[in-house]
Amino acid sequence: MLPLRSKNKKSKGRAGVIVIKEADNEFFVLALRVYGSYDLPKGGVEPFETEFMAAIRETEEESGITDLEFQWGLASTKVRNVELFIAKTQEEPVIRPNPETGEYEHHDAKWLTFQQASEKLHPYLRPSIEWAKNIVLGV
């Protein structure tokens, strides 16, 4: 069992997952909406965690998705201070409040095409979408 997170300890970076879903022979990226912008499931890496552990935890906390298949391996990319992995799922997201604060960090979840994700996600995340697209599509 992992220890409880403490707000007194500083995070050692951020991590998340570019969650992919395949439907009708097309791939979609999970985007979490907060007000008018879209984000990926990601958050702080706790002192006892690896980036990979934090990415999985944050994805579950922010989207409710636990069935993650890392079929493209554990390759990652780093944008700013965020380490991002790629995983596939067939689960649908469920937006829940933050387990520590009880507040909602996101308002909605949406599956976007790679093109839509490149247009709607925060600009600093866009290179990670192109990276994921190249890996998923084998380009």
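Structure notes:
- The H on the amide N of Asn98, modeled in the peptide plane, is under 5 Å from the matching H of Glu103, Tyr104, Glu105, each at least 5 residues off or on a different chain.
- Phi-derived couplings, Karplus 6.51 cos²θ - 1.76 cosθ + 1.60 at θ = phi - 60°, listed residue by residue for region 114-128: 4, 5, 4, 4, 4, 7, 9, 6, 3, x, 5, 8, 4, x, 5 Hz, with x used for Gly and Pro.
- Counting Cα-Cα pairs of the chain in 5 Å increments starting at 0 gives whole-percent bin shares of 2, 10, 21, 25, 22, 13, 5, 2, 0, 0.
- Total lysine pairs in region 4-139 at Cα distances under 17 Å, for residues eight or more apart or on different chains: 15.
- Computed lengthening from Thr66 to Met53, 0.36 nm per intervening residue step minus Cα-Cα distance: 3.5 nm
- Amide H contacts under 5 Å for Val82, placed H, 5+ residues apart: none
- With θ taken as phi - 60° and the Karplus curve 6.51 cos²θ - 1.76 cosθ + 1.60 applied, the whole-hertz 3J(HN,Hα) list for region 84-95 is 10, 10, 10, 9, 9, 9, 10, 6, 9, x, 10, 7 Hz, x standing for glycine and proline.
- Gyration tensor (alpha-carbon) shape descriptor, region 36-84, a/c threshold 1.5: rounded
- Bridge type composition, the chain - antiparallel percent by DSSP, nearest 5: 70 percent
Laboratory data are not the source of any read-out in this text; all were calculated from the coordinates shown. These numbers come from a predicted model, not from an experiment.
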